[in-house]
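Please read the structure below before turning to the comments.
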Amino acid sequence: MLAYFLLVPLLLAPPRPISAGPPESGQKLFSIYCARCHGKDGRLGLNGAHDLTKSNLNVIGRTYLVTNGMGKMPAFKSELTPAEVQRVVEYSLTLK
């Protein structure tokens, strides 16, 4: 009976709106959140940012850094969803 009272509000809740348009590309997210310090091509190095074209970090390391930050690099976990972080990381791996 308790389960019934817990489920009814969920079943009657309005559906969540579907986001309009496709998700932003990793390149666009990179230009918004990362290019200020890393540069458009990943080589700028402003404020001590590492040259991403020379980075030996894999997907796991980059995902951790984008999500949690380290040193002068801010954390983006409150600005980006996990899927957006993944797109940024995938794009950053293409910078050579």
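Full extension of the chain segment joining residue 28 with residue 58 gains 8.7 nm, where the gain is 0.36 nm per residue of separation less the Cα-Cα distance.
Charge dipole of region 25-92 (Cα centre as origin; +1 on each Lys and Arg Cβ, -1 on each Asp and Glu Cβ, all else neutral): 100 debye, rounded to the nearest 20.
Place +1 on the Cβ of every Lys and Arg and -1 on the Cβ of every Asp and Glu in region 25-92, take the dipole about the Cα centre, and give the residue among 89, 38, 61 whose Cα lies farthest towards its positive end. Farthest towards the positive pole: 38.
3J(HN,Hα) couplings calculated from phi for region 80-95 with the Karplus curve 6.51 cos²θ - 1.76 cosθ + 1.60 (θ = phi - 60°) are, in sequence order, 10, 6, x, 5, 5, 4, 4, 5, 5, 4, 4, 5, 4, 6, 7, 6 Hz; Gly and Pro show x. Taking other C-beta atoms within 10 Å as the exposure proxy, 50, 38 rank 50, 38 from fewest upward.
Residue 37 sits among other residues whose Cβ lies under 13 Å from its own Cβ, and their net charge, with Lys and Arg +1 and Asp and Glu -1, is +2.
Any read-out appearing in this document is the output of simple, stated calculations on the displayed coordinates, not a laboratory observation. Treat the numbers as computed from the prediction; the structure is a model and nothing was measured. Neighbour counts are summed over all protein chains in view; Cβ atoms, including those assigned to glycine, are modelled from backbone coordinates with ideal geometry.
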